[in-house]
Every structure is written in C-alpha cells, then in structure tokens.
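So the structure is just underneath, and the comments pick up after that.
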Amino acid sequence: MEFVFQNILNALQWGSFYALIALGYTLVYGVLLLINFAHGDIFMVGAYIAYFVATLFLATVGLSPSATLTLAVPLTMILTACVGVTLERVAYRPLRRKGAHRLYVVITALMCGLILENGNLALLGASRKNFPELLEKTVYNFMGLSVTNLKVVVIFTAIAVFLLLQFIVTRTKIGMAMRGIAWDKFAIPLMGIPVDTIIVFTFVLGSGMAGLAGLLFAMSYPVLEPYMGALIGWKAFIAAVVGGIGDIRGAFVGGFLLAFLEIGVAAVFPSTLRDLIAFTVLLLIMWRKPTGIFGVAKHQKI
Amino acid sequence: MKIFGRLSLLALALVLGALFLAGCSKESDTIKIGFDIPLTGDIPKVGEASKFAAEMLKEDINSKGGLEVGGKKYKLQFIYQDNESKADSAVNAALKLIEQDGVVAIVGPNSSKQAVPAGGICNERETPMISPWSTNPDTTKGRPWVFRAAFLDPFQGPVAVNFSAKQFGAKTAAVIFDIANDYSKGLADIFKAEWEKKMGAGSVVAFESHGTKDQDFSAQLTKILGAKPDFIFIPDNYNQVALIVKQAHDLGWKGPFMGSDAWGSAELMTLCGKDCVGQFFSTHYAAAGAQGDTKVFIDRYNQKYGYIPDDVAALTWDATRIVLQGIQDAGKVVADVKAERKLIRDAMANIKEFKGITGSMKFDAEGDPIKCAVVVRISEDGQFVFAESVCP
C-alpha cells in the first residue's frame, strides 16, 4: 500500500509541472487557436530567470533564502511574462496583421523555441547551472511515506493556479472576452473589445505560469540546461491535447493523467516501457475522443 | 576567337591543376591531430576538460619548437570537433576530421555512446583513433585501428562489486542506469552478473532503467527503496547522478551509493553539493594526494584553468601522448596522409608499456590498456580522496 501511495505522491508532483505548462498551451490556443510551440522553451527561460534572480538576491544582495524566494516568485513570473509578450509582439503579431495562415504562425513558434534554446546555449554556454536551495528541505515521514515540503508546495501551487485561471476564464469579463475571440475574432472588435490587449493578457497569464513552473521545477530538479524545456514542453502539449486543448480543466486533467500513466507504468513494468505504454494509452483516448477529454469539435484545426 | 577560347580554357585547367598539385605535394612541417569531443550537449564539462588538457600539451611541445620525429621538428596542430555528446554527431565529426581536415589520428570520443560508433568509422577509414575515457569493450573489439587509454568495464564492474561488498558489508544491491547509454547499460549488466555470482541469484533486488533526458526518477527510486537494498549502484553521467542522489534522499533513502568513473567530473560537486558527500566511486586517478608527474600536471592545470582537472583531462593528456609517442616511434613523417596513418597505427600497436599520469599501462592484443583502478571517496570539501587502489 505504501508503495502505491508513495507513487501517487510522486505522480502528483510530476503532474503539477505538466499541468502548469499545459495551461500555457491551452490558454493561447483557447484564444488564438495557435499552438505556441515555443512555450516549452519559455518555461526553460523561466527557470533560468529564476536562477538569475535567486543568485542575484542570495549572493550579490545577500538576502536570506526565504526572502529571496518571496521576491523570486513575482519577479520570475513578471520577467517570464515579458518574454512571452515580447515573443507575441515580435513574432506572432506581425504575422497576424498580415493575415498569415495559422500554419505559418505555428512554424514561427517552433523556430522561436529553437532560437530561445540556442540563444541560451550561445549566451551562457553548455555548462549546467545548479539552482541554489531557497527552501530549507524537510523530509516528512508518516506511515512509511516520504514527502518533502517542496513537493507539497508544488502540488498546492498547481491546484491554486488551476482554480485561479478557471475563475478568470469563466467568471470574469476579460475571461469572457478571451473566449469570445476564440469564438469569432471578426465580430469581437465590433463589440468594442480591444483584441490585442486581450491577447497580450493571455500571453501574460500563460508565460507567467510557465515562469512559476520554471521556478518550482528548478527548485525540485536543480540542474538547469538549455534543452530542459524541449521534452517536457512536448509532453505537456500532448497532455493538453488529450485533455482537450483550449479548456483549462483539460490541461489540468491531461497533465495529471500523463504523469500518473508515466509513474504508474514505471512503477509496475520495467521503466524502459514507460513512454511506450503511457503514450499508447493516450493514443487510445484520442482514438475514442479525438478532441480530447473536455474538448468540443471545432472546424479548421491544425 | 575559338582558338583563344580554347587556349584560355587550357590555361585555366593548367592553373587549377598546378594549384591542386601544389596543395598535394606541399612539404608540410605540421602534424594535424583531430579531437572528437563533447563541447556542448549533455556533458560539456568533459569536452572542456579534454580540450584544456590537449591545449596545455600542445603549448608545451610547440613552445619547444615542435615534436621531434627522425631529427626534424614538426609543429602540432589540434583540430577540435564538437560531437554534442550524440552518437550521430560523433560519427559526422570523425568523418569530417578524416576526410576534410586530413588528420593523421583522432583522439576521442570520450563516452562509449559516441566512441563505439565513431570507432567503427575510424577503423573502416583506416585512421588511428584513441578514446581517452571509453570503458565499454565494444569500442576497440576487433578494431585494429582503435585504441584507448582507460580500463574496461569488465574490470571496473568487479572493482565496484568487491569494494562495496567490503566497504558497506552489503549483501543486496540495487542498480539504476541509463538504458540509452552504451556505457551505463554495459556497466550495469556487468555489475549485476558479477554481484549475483558473488552473492547468489536474486541478490540484485532492483534493476531499474531511465532515459537520457529524464529529470524525474521518483518512480524508479520508489521501486528501489521498496526492495530495501543495502546500497544503490549508479553507473550514470554526473549530471544525472546529481538528480538521482537528491531525489533518493527526498524519498527517504539514507544508505550509501556506489558510483562509476562517469561521476568523476569537476562539475559533479557544483551540481550535487552536500548530497554527494561521503559517497564512493571507482575512477582512473585520484587528484587529491597525487605524486610525481601526476601532481605536476594537476598543479599546472589548476593554475592555468582554475580548477582541479578531472579524470577525463588526465586521460586525454595520456591518450594524446600515446599518439605522439606513436608518431615519434614511427621514426619518420611521410607526406601522404594515408601512409602516415598506417605508420602511426603500427607504431601505436607496438607500444608495449606506457607510463602515463593515470598510471602505467600495458597494452593487450585488442589495443586495451591493462592498468589499475582507484576508488575515491567524496570528502566534505568536495575533493575526490583516494580510498583504495585495485590492480588487475
């Protein structure tokens, strides 16, 4: 039994990261119907920003780890949001203005991701960065289970972010505007809704959450490298699609579903089979419900 | 006009031909050696250490006027190709060095994952290659053109088995390894076979694999901890070691770890920190407490680059010197690259004993050195301190 519960805890932590990243994919898709493939790399940039903020306050300014963490959370989120918004301004908006087909925007997103990765490689070198410890690690043991305080923080943050975003999208005016743009982007400006502002707001939300995920990820797995966002970004994207891309609940459920599958398979079968079995199960889900668990069929998807 | 056109064409052909001939028959007094090393990718510190050690050696020799072969001095030229720590890039780098740069020998690649495929290419193209760090038997097996400076995993595996059985008083072991890495997989298999031979069937209570890009190992570690082994053997690269050790501690593991030579990077302790203190791993040399030539090398490297050289740096130094020894033993340098490569290979194969800074080595028929291994302990201040030496 312990074995099962321990793995549930493991999966909850790992799933929190998938969910936090998948939320970013789903938000942008929900508004622009654009798959922002650079999102995994925005997450990586978030982790690096967190690293620089943390080392700046810890080593240069000389703050205590807890004070650094308090400052690092908002700063990382804001700075990463800036990166996301810059990307939107520089890469996506000009294409949208010219009325380019979504396919070209998706390719641009892919290229932006590669530019972020390789830009980081060129700028900081291939050497890995070690993230400083910001939270005094305590391992709680109860009934044969081990859980660190960090794990608890990660899981609760993911749940809180989900509730917040779900609230923003479904209960606020700006959320209604976001859903409106996805519905009909030609009619919405006629209603007097500033489309560009809403889109920027969407990128702020998505990238901010990627920054938060990057910070928490760097705290949990404190070895940073330029390619760290690529694979987890792809997997989170798949999780978002399985959950039903465009729906906040879908990203959340999809992220945890993928993590439970991965950890569950690795716990029972040889770990070599992990991705094979996990993605076969996801494929079966897609086969039954091509729009994902919470998705509704729309026309003109890519 | 027609005649003029033909004449000019002829002139052009003559000029081109002359250039071509000049390019071929130019009396060269430099010797080109290629390096196929991971300057980026998963283990950039390994590539950096190799490059630094090679640069130091090159400066030593070139500042004295060059390498003396048969009474004439030749300047050394080292060409560094990044293999990105990938198997396919290592093959491309080797091809580029052989075909385009026309090197007489290749040092590297370091990891078996790249050295095994690159060795095949070098053997096919009849270019001598020496891998400083690769410990997987397949790198040199049946390849007369491929050599190495490191001991082999069939030797390293038993060293780890015997040491941990004695040091930890262990009866059961668990292994976690990288399934996509020839080195890690090979060593894990050898360890498992050796441990079960010693302690009886089923004494390796957990045998778990992971992928190269994985960052979360909690499922595998939960399984390992559930099997309650006496210690965990991790034949993995230093970047993964840092994550695995930390996550095992997070899950409540308090027992010891045993590592292999891929732990021995200067970057291990910056990534792993206090979690790795007190752990043991088998390696090629111990920097702390070294003497003689080894100490001279360590001090000079430390002064020049600002950190204690890891085993890769020392092995690259030795490997490159073995190549240079081969060039000198050949007694002459011929202009034809292919013939020169053959001369060097034959001379390298004839080296019976070599005194390197990682210990003295004798070479067997496969081109593999017979040399001692050391086990080091990671001290409180992050140094790799000598614990035991095991000789074959």
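Identify all residues within the range B:215-228 that are in a loop (DSSP other than H, G, I, E, B), of a type in the set (A, V, I, L, M, F, W, C) and within 19 Å of residue B:181 (Cβ to Cβ); write none if there are none.
Filtering the range B:215-228 down to residues in a loop (DSSP other than H, G, I, E, B) leaves B:215-217, B:227-228.
Subsequent filtering for residues that are of a type in the set (A, V, I, L, M, F, W, C) retains B:217, B:227.
The answer is B:217, and nothing else.
Only one of (1) of a type in the set (Asp, Glu); (2) more than 26 Å from the chain's Cα centre (by Cα); (3) buried (at least 17 other Cβ atoms within 10 Å of the Cβ) fails for residue B:178. Which number is that?
Here residue B:178 clears every test but (2).
Taking only pairs six or more apart or across chains, which ones have beta-carbon atoms under 6 Å, a first residue in the range B:231-250 that is touching a residue at least 60 places away in the same chain (Cβ under 8 Å), and a second residue that is of a type in the set (S, T, N, Q)?
As it stands, the answer is B:231/B:164; B:235/B:184; B:235/B:260; B:236/B:184; B:238/B:265, since those pairs meet every condition given.
Return the total of residues in the range B:241-264 being among the small types (Gly, Ala, Ser), more than 7 Å from every other protein chain (Cβ to nearest Cβ) and surrounded by fewer than 22 Cβ atoms within 10 Å (Cβ to Cβ). Give the derivation first.
Residues of the range B:241-264 among the small types (Gly, Ala, Ser): B:242, B:248, B:252, B:255, B:259-260, B:262, B:264.
If we keep only those that are more than 7 Å from every other protein chain (Cβ to nearest Cβ) as well, we get B:248, B:255, B:259-260, B:262, B:264.
Then keep just the ones that are surrounded by fewer than 22 Cβ atoms within 10 Å (Cβ to Cβ); that gives B:255.
The number of residues fulfilling the criteria is 1.
Please enumerate the residues belonging to the range B:119-142 that are β-branched (Val, Ile, Thr) and within 24 Å of residue B:317 (Cβ to Cβ). Quick ask: steps written out before the conclusion?
Taking the range B:119-142 and keeping what is β-branched (Val, Ile, Thr), we get B:121, B:127, B:130, B:135, B:139-140.
Selection gives B:127, B:130, B:135, B:139, B:140.
State the number of residues belonging to the range B:206-240 that are more than 10 Å from every other protein chain (Cβ to nearest Cβ), of a type outside the set (D, E, K, R) and touching a Gly at 6+ places or on another chain (Cβ under 9 Å).
Of the residues in that region, 7 qualify.
Just checking, does the range A:242-256 include any residue being without any contact (Cβ under 8 Å) to a residue 12 or more places away in the chain, away from chain B (no Cβ under 14 Å) and of a type outside the set (Val, Ile, Thr)?
In the first step, residues of the range A:242-256 are kept if they are without any contact (Cβ under 8 Å) to a residue 12 or more places away in the chain; the result is none.
Checked against the condition, which is being without any contact (Cβ under 8 Å) to a residue 12 or more places away in the chain, away from chain B (no Cβ under 14 Å) and of a type outside the set (Val, Ile, Thr), the range A:242-256 yields no hits at all.
Tell me which strands (runs of 3 or more DSSP E) are completely within the range B:229-335 and hold 2 or more residues being of a type in the set (Ser, Thr, Tyr), or say none if there are none. Walk me through how you get there before you give the answer.
On the way: elements: B:231-234, B:257-259, B:280-283.
Strands (runs of 3 or more DSSP E) meeting the threshold: B:280-283.
When you go through B:178, B:189 one by one, which is the residue that is touching a Ser or Thr at 6+ places or on another chain (Cβ under 6 Å) and either closer than 19 Å to residue B:387 by Cβ or of a type in the set (D, E, K, R) (or both)? Give the derivation first.
Numbers: B:189 fails: touching a Ser or Thr at 6+ places or on another chain (Cβ under 6 Å).
Every option except B:178 fails the conditions.
Tell me which residues, restricted to the range A:257-298, are in contact with a helix residue (DSSP H, G or I) (Cβ under 6 Å, 6 or more places away or on another chain), part of a helix (DSSP H, G or I) and away from every other protein chain (no Cβ under 14 Å).
Residues satisfying the conditions are A:281, A:282, A:285.
Quick check on the range B:276-287. Is at least one of its residues modelled with pLDDT of 90 or more and within 14 Å of chain A (Cβ to nearest Cβ)?
Yes: the range B:276-287 contains one or more residues that are modelled with pLDDT of 90 or more and within 14 Å of chain A (Cβ to nearest Cβ).
Just one of (1) away from chain B (no Cβ under 14 Å); (2) within 23 Å of residue A:92 (Cα to Cα); (3) buried (at least 21 other Cβ atoms within 10 Å of the Cβ); (4) not β-branched (Val, Ile, Thr) trips up residue A:33, so point out which.
Here residue A:33 clears every test but (3).
The values are calculated or read from the model by the stated rules, or taken from the named source; none is laboratory data. Please read all numbers here as calculations on a predicted model, not as lab measurements. Every residue, glycine among them, receives a Cβ derived from its backbone with ideal geometry; neighbour counts consider all protein chains shown.
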